[in-house]
Amino acid sequence: MTYQPNPDRYAKMVYNRCGKSGLRLPAISLGLWHNFGGDANHSNKRAICQTAFDEGITHFDLANNYGPPPGSAETAFGEILREDFANHRDELIISSKAGYRMWAGPYGEFGSRKYLIASCDQSLKRMGLDYVDIFYSHRFDPETPLEETMGALDHIVRSGRALYAGISSYNSDKTRQAAAILKELGTPCVIHQPSYNMINRWVEHDGLKDTLKELGIGSIAFTPLAQGMLTNKYLKGTPEGSRATQGKSLKSEFLSDKTIANIRKLNDIAERRGQTLAQMALAWVLRDGGITTALIGASKPSQVTDCARAVDNLDFTKEELAEIDKYADEENINLWAKSSEG
Ligand SMILES: NC(=O)c1ccc[n+]([C@@H]2O[C@H](COP(=O)([O-])OP(=O)(O)OC[C@H]3O[C@@H](n4cnc5c(N)ncnc54)[C@H](OP(=O)(O)O)[C@@H]3O)[C@@H](O)[C@H]2O)c1
């Protein structure tokens, strides 16, 4: 059946300016890291994207390696674009990235000009696109001069392959250096994509959050739900089929008794606010306008709807924030720490 988007979608979502750029992004964005690989059901993928768009979510985030197998999420998204969004390309912000291992040999990962430009071309082909809206350096490369990696992003933008450039999981210091190089080249760093949630607060300790504000760079916080831990999913054990049972990125040791006890306390606060824990976790990431958009993942459409409704209550009292701080303890769940170590 032909998909007809909800005509009221733009009234339902909040759109935030991405740093000092002209780009506005929905407060909630959807990422296709999990649940869009060759091992997942296509009609569910389609339904997740349709539900997101119906909720006013205009931003879809991909990367070369999303799958499994790597590349399959972009291929699936390309099909969905043709099936459901062919008339809506100009309403969408689509991103991709390169940085992690994508193909064999010395040119298949990290930050060389050779890898970034070839990978961007492959991503465009898989999605059937002329351009992506944002292209990211997915991780800092300690062995390639930053000038080369940023020069590749500048070239990708100037050659029309992408409209905006971004970086992901760079620390505050490296972000300053990268942004200065991009500024000099005339292609501003418009967005940074770090991990950030109530139990992974490195962007606060590192100073990155303040740096982004100071430099006028927007931010998109990934894993805002700590891969599902900051939802009501694991409060009473580990449900079958959940990410924690899949032996992928959500390690069972992350779900320690202490962490679950804290998450139950956070859930009590969310209930008092009349929200689900997922909604409160997203509102918390977005508090004070410090983050432009919270980048969620979803395994079913109902999760997208639940998350999108976070925008119905984004405000916190000082007392609520102080109470959250008691339980929002830093846990050792940041799988991306190595990149930001520099
Ligand atoms: N730049 C980078 O290096 C990087 C790294 C990682 C991720 N990312 C980006 O960030 C995106 C999001 O990452 P993520 O998927 O880990 O984010 P997340 O939003 O923290 O976790 C998503 C998972 O939480 C559960 N969930 C979502 N909404 C729920 C709800 N309302 N109620 C109950 N459970 C809910 C689902 O788990 P189940 O599957 O168990 O149902 C879902 O798969 C990725 O798709 C990718 O675009 C970027």
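Every read-out reported here was derived from the displayed coordinates using simple, explicitly stated rules and does not represent laboratory data. Bear in mind that the values here come from a model prediction, so they are computed numbers and not experimental data. Every residue, glycine among them, receives a Cβ derived from its backbone with ideal geometry; neighbour counts consider all protein chains shown.
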Pseudo-spin-label distance Tyr3 to Ala322, built 7 Å along Cα→Cβ, given in nm, is 4.6
Most fluctuating of Ser159, Ser219, Ser112 in the GNM of the chain (C-alpha, under 10 Å) is Ser159
With -39,500 (n - 2.57) per DSSP H segment of 4 or more residues and division by the full residue count of the chain, the 222 nm estimate, nearest 500 deg cm²/dmol, is -11500 deg cm²/dmol
Env charge @ Leu116, Cβ radius under 12 Å, K,R +1 / D,E -1, value 0
Least to most buried among Val14, Val203, by other C-beta atoms within 10 Å and fewest first, runs Val14, Val203
When Lys97, Lys326, Lys213 are arranged by how many other beta-carbons sit within 10 Å of their Cβ, fewest first, they go Lys326, Lys213, Lys97
With 0.36 nm assigned to each residue of separation and the Cα-Cα distance removed, Glu184 to His88 gains 31.2 nm
With Cα springs under 10 Å, the Gaussian network model of the chain assigns the largest mean-square fluctuation among Gly166, Gly289, Gly111 to Gly289
Rounded to the nearest Å, the spacing of the alpha-carbon centers of the range 287-317 and the range 128-155 is 28
Site Glu240, offset 7 angstrom along Cα→Cβ, radius 20 Å on amide nitrogen, limited to the range 17-47, gives 40-41
When the charge dipole of the range 9-341 is computed with +1 on Lys and Arg Cβ and -1 on Asp and Glu Cβ about the Cα centre, the Cα farthest towards its positive end, among Tyr131, Ser43, His192, belongs to Ser43
With +1 at each Lys and Arg Cβ and -1 at each Asp and Glu Cβ, the charge dipole magnitude of the chain around its Cα centre, to the nearest 20 debye, comes out at 300
Of all DSSP beta bridges having both residues in the range 119-202, the percent classed as antiparallel (nearest 5) is 10
